[in-house]
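Here is the structure we will look at.
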Amino acid sequence: MQADQQQQLVLYSYWRSSASYRVRIALNLKGLPYETIPVNLVRQGGEQLSEDYLRINPQGLVPVLSHRGHVLTQSMAICEYLDEVFPGYLLLPPEPALRAAIRALALQVACEIHPINNLRVQKYLAGRCGDSIDTVEWMDHWITEGFSALEQQLHNSMRADSTFMSGHPGLFECFLIPQVYNAERFGVDMSGFKVIRKIVSQCRALQAFQVAAPENQPDAVPV
C-alpha cells in the first residue's frame, strides 16, 4: 500500500472515548500512520454537537475516520474497513467460523455492554432520575454482567497454547481493552475475570496498545 494513501487517514477522536480507543488500537496494530483531530465531548456542551462536526457526522459521535474522500463512522465498521483495505496484519482471521466467533465477542462489548454505559446514557439517567439512581452502580452492574458472560465464553473457546483466539491481538482485543479501561476507571471489581485479565496484561505490554491508551493522546487531560 502506498504511503500517500496511508497518510490520508484522519481520525476524529476523543481521548476517553472507548469507541475511538478501539480504532486507535486497530490502526496501530496494522501499522498505519494517521492524523488525530480531537473532538472534546464535554467542553461547552460537547464539540461533537457543533454545526461543523454534525456536518461530518450527523449522529454527533466519535470516532469518525476520513480516508480518500470516504467518511466512515461506527468503530466496528471502521476496523473491518481497515482490514479489507490494508493488507498485512489481520484483525480478523480468514477462517469463516473463527471470524464469526471473534466478531460476536467484539459485538458483545460494542452492542451489549458499552451502549448502556456511555456518556449519553449517564447524562440521561442523571437528568431523569437525579439522586434516585447511582450511575456508577448502574455501570458496575452491566459491565460485570457482560464480562461474566465473556469470561465463560473465552474460557470455553480459548486454545490452551495461546492468549488470543486468532493467535495474536485482533478485533476482539481492540474492543475489550477499552471496555476494561472503563471498568477500572469506575472501580469495577475485575478480580474474578482471570482470562480477561490475562488478555489485558498481554495487550498492555505491546506498543500498539500503549500508544493508543487514553493518557497518551494529544487531547488527554490530567486527572
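Among Glu137, Glu145, Glu215, which is assigned to a helix (DSSP H, G or I), surrounded by fewer than 17 Cβ atoms within 10 Å (Cβ to Cβ) and not assigned by TED's automatic domain parsing to the domain that holds Gln108?
When all the criteria are applied, what remains is Glu215.
For Ala110, are the conditions met, namely being aliphatic (A, V, I, L, M), farther than 28 Å from Arg68 by Cβ and modelled with pLDDT of 95 or more?
So Ala110 does not fit the description; no.
Consider the range 115-134. How many of its residues are in contact with a Phe, Trp or Tyr (Cβ under 9 Å, 6 or more places away or on another chain) and either free of Cβ contacts under 8 Å to residues at least 24 places away in the same chain or outside any helix (DSSP H, G or I) (or both)?
Residues that pass the stated criteria total 3.
Any idea which residue in the range 167-187 is farthest from Ala104 (Cα to Cα), counting only those that are among the hydrophobic types (A, V, I, L, M, F, W, C) and buried (at least 20 other Cβ atoms within 10 Å of the Cβ)?
Among them, the one singled out is Ala183.
Taking the range 157-186 on its own, how many of its residues are in a loop (DSSP other than H, G, I, E, B) and of a type in the set (Lys, Arg)?
Number satisfying all stated conditions: 1.
Suppose we filter the range 187-212 for residues that are assigned to a helix (DSSP H, G or I) and among the aliphatic types (A, V, I, L, M); how many remain?
Going through the range 187-212 one residue at a time, the tally reaches 7.
In this structure, does Ile56 turn out to be touching a strand residue (DSSP E or B) at 6+ places or on another chain (Cβ under 9 Å) and either of a type in the set (A, V, I, L, M) or surrounded by 17 or more Cβ atoms within 10 Å (Cβ to Cβ) (or both)?
Here the answer is yes, as Ile56 does meet what is asked.
May I ask you to list pairs of residues, at least six apart or on different chains, whose Cβ atoms are under 6 Å apart, with the first in the range 58-75 being in contact (Cβ under 8 Å) with a residue 12 or more places away in the chain and the second being in a loop (DSSP other than H, G, I, E, B) and of a type in the set (Phe, Trp, Tyr)?
Pairs that qualify, where the first residue is in contact (Cβ under 8 Å) with a residue 12 or more places away in the chain and the partner is in a loop (DSSP other than H, G, I, E, B) and of a type in the set (Phe, Trp, Tyr), are Val62/Tyr14.
Do we have Asn118 as farther than 19 Å from Pro63 by Cα and either within 18 Å of the chain's Cα centre (by Cα) or exposed (fewer than 14 other Cβ atoms within 10 Å of the Cβ) (or both) here?
Spelling it out, it is not the case that Asn118 is farther than 19 Å from Pro63 by Cα and either within 18 Å of the chain's Cα centre (by Cα) or exposed (fewer than 14 other Cβ atoms within 10 Å of the Cβ) (or both).
The values are calculated or read from the model by the stated rules, or taken from the named source; none is laboratory data. Quick caveat: nothing in here was measured; it's all calculated off a predicted structure. Please note: Cβ atoms are built from the backbone with ideal geometry, for glycine as well, and neighbour counts cover all protein chains shown.
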